[in-house]
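Everything below concerns the one structure shown next.
The values are calculated or read from the model by the stated rules, or taken from the named source; none is laboratory data. Here the structure is a predicted model, which means the values were calculated and not measured. Note: ideal-geometry Cβ built from the backbone for every residue, glycine included; neighbour counts use all protein chains shown. Areas reflect the complete protein model, heavy atoms only, side chains present, ligands, DNA and RNA absent. Shrake-Rupley method; radii C 1.70, N 1.55, O 1.52, S 1.80 Å.
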Amino acid sequence: MCSARAEYSSCGENEYYNQTTGLCHECPQCGPGEEPYLSCGYGTKDEDYGCVPCPAEKFSKGGYQICRRHKDCEGFFRATVLTPGDMEKDAECGPCLPGYYMLENRPRNIYGMVCYSCLLAPPNTKECAGAASGVSASLPSTSGSSTLSPFQHAHKELSGQGHLATALIIAMSTIFIMAIAIVLIIMFYIMKTKPSAPACCTSQPVKSVEAQVNKEEEKKEAQDSVVIFSEKDEFEKLTAAPAKTAKSENDASSENEQLLSRSMDSDEEPASDKQGSPELCLLSLVHLAREKSATTAKAAGIQSRRKKILDMYANVCGVVEGLSPTELPFDCLEKTSRMLSSTYNSEKAVVKTWRHLAESFGLKRDEIGGMTDGMQLFDRISTAGYSIPELLTKLVQIERLDAVESLCADILEWAGVVPPASQPPITP
C-alpha cells in the first residue's frame with residue numbers, strides 16, 4: 001500500500017496511474033469545441049471520464065480547457081462584432097459603436113479594448129466628432145423638425161432619467177413624512193384619552209373599597225385596644241396583689257418560682273384556660289424571653305458559620321492560586337453544578353443559580369441561553385482565563401456560601417490540606 005501511494009503521488013496534473021502497467025499515463029485530451037467531463041489527474045481517473053461538446057455561446061480550443069463564454073462585444077465592450085464566435089473560437093470585436101470612443105493610452109489587456117461614451121470624452125476627440133457629423137449629414141432636414149446628434153440624444157435621455165429619479169425621491173419622502181405624522185397623531189389621542197376612561201368608570205368602586213378598608217382598620221384597632229386593656233388590667237392585678245396580701249417577701253419569691261416552673265412544664269396548655277389569671281402575664285414574659293434568647297442564639301450561630309466558611313475560603317484561595325476550575329476533579333465540579341441547578345432541593349439552597357453566577361462573570365444572555373448546566377459554565381470561564389479563587393469570590397458575591405463551603409471542603413480534601421476547623425487541638 002505504501003508503494004502504491006508513492007506511485008500515485010508521482011503522477012502529474014494531467015496524468016493517472018495505471019495499475020496494470022504500474023505507470024502514469026496521460027489523460028485523454030479533448031478536441032476543439034469540447035471540454036473534459038468529470039476529473040482526471042494526479043494519479044486518479046473517473047470511470048466515466050470523457051469529452052462533451054461546448055454549449056451554445058461558449059467555445060474551447062481543446063486539450064484540457066473548459067468551455068468559456070464568447071466576448072460580448074456590444075454589451076460589454078461597446079464595439080461592433082467583427083467575427084462572431086463558434087464552438088471552436090472566440091468572437092472578435094471591431095471598432096467602437098457610434099457615440100463611443102477608445103482611450104489613446106489604454107492598458108494592454110482585455111479592459112483596454114473597452115469603448116467609452118462620448119459624453120465623457122475630452123474635447124476634439126476624433127471618434128466622437130466623426131460620429132456626430134456623420135449622423136447629422138445622413139439625416140435630411142425638414143421644415144418644422146430638427147435633427148439631434150447621438151450626443152444630444154444621450155444627454156436628453158440622461159436628463160429625463162435624472163428628473164424621474166428626483167420625482168421618485170420627493171414622492172417617497174412625502175409619503176414617509178405623512179406616515180410619521182399619522183403615527184404621532186394616533187399616539188397623541190391614545191395618551192390623551194387613556195387616563196379619562198378609568199376615572200369616570202371606577203370612582204364608585206374605589207370609594208366602596210376605601211370604606212371597607214377603613215371599617216376593617218377600625219375593627220382591628222378596637223380589638224387591639226380591648227386586648228391591651230385586658231393585659232393592663234391583669235398586670236395591675238398582679239402588681240397590686242402583694243399590697244393586699246400579708247405574706248412575706250420570701251413566700252412571694254417562692255410562689256413566683258413555683259409559677260415559673262409550672263409555666264415551663266405547661267408550654268402547650270391553651271391560652272383560654274389561663275385568661276383572666278395572674279399567671280398569664282408571667283407565661284407571656286417567659287415566652288418572650290425564650291423567643292428572644294432563641295433568636296439571639298440562631299443569629300450567633302449563623303454569624304459563626306459564615307465566619308467559618310469565609311476562613312475556609314481564604315485558606316483555599318491560597319492553596320489553589322493560579323489554577324483554573326477545569327483542573328479540579330470532575331466529582332468536585334459536578335457536585336457544585338448540581339448545587340447551583342434550579343432543581344437543587346435542600347434547606348441550604350437559595351434562589352441564586354448557575355445562571356446568576358454566569359451573569360456575575362459578565363456573560364451575555366444569548367451566551368447563557370446556549371448553556372444547559374454549571375459544567376459548561378465552568379468550562380467557559382476556564383477558557384476565558386478565570387481562576388478558582390475568582391470563582392469562589394463570585395459565589396460569595398451571589399450569597400451562595402453553601403456552595404463555597406462544599407467546594408472548599410472538596411478542594412482541601414483533593415489537595416491533602418486539613419481545614420483549620422478540623423485540626424486536632426494541641427495538647428501540652
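The figures follow:
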read-out	value
Matching residues, region 101-110, being surrounded by 11 or more Cβ atoms within 10 Å (Cβ to Cβ) and out of contact with any helix residue (DSSP H, G or I) (no Cβ under 6 Å at 6 or more places or on another chain)	MET102, LEU103
Lone qualifier among TYR64, TYR111 - being aromatic (Phe, Trp, Tyr) and modelled with pLDDT of 85 or more	TYR64
Close pairs from region 311-338: first farther than 14 Å from MET375 by Cβ, partner at pLDDT below 85, Cβ under 6 Å, at least 6 apart	MET312/PRO419; VAL319/ALA415; VAL319/VAL417
Number of positions in region 80-100 that are open to solvent by less than 50 Å² (accessible area, probe 1.4 Å), outside any strand (DSSP E or B) and free of Cβ contacts under 8 Å to residues at least 24 places away in the same chain	2
Number of positions in region 334-356 that are under 17 Å from VAL404 (Cβ atoms), assigned to a helix (DSSP H, G or I) and either modelled with pLDDT of 90 or more or of a type outside the set (A, V, I, L, M, F, W, C) (or both)	6
Qualifying positions in region 30-47 - touching a strand residue (DSSP E or B) at 6+ places or on another chain (Cβ under 7 Å), assigned to a loop (DSSP other than H, G, I, E, B) and either closer than 20 Å to TYR8 by Cβ or among the basic types (Lys, Arg) (or both)	ASP46
Filter result (in a helix (DSSP H, G or I), hydrophobic (A, V, I, L, M, F, W, C) and either open to solvent by 10 Å² or more (accessible area, probe 1.4 Å) or touching a Lys or Arg at 6+ places or on another chain (Cβ under 7 Å) (or both)) within region 368-397	ILE368, MET375, VAL396
Pairs, first open to solvent by 70 Å² or more (accessible area, probe 1.4 Å) in region 155-174, second modelled with pLDDT of 70 or more and in a helix (DSSP H, G or I), C-beta under 9 Å, six or more apart	HIS155/LEU119; LEU158/LEU119
Flag if CYS51 is more than 49 Å from the chain's Cα centre (by Cα) and over 30 Å from MET113 (Cα atoms)	yes
Residues of region 33-64 that turn out to be open to solvent by 80 Å² or more (accessible area, probe 1.4 Å) and under 16 Å from MET87 (Cβ atoms), as a count	5
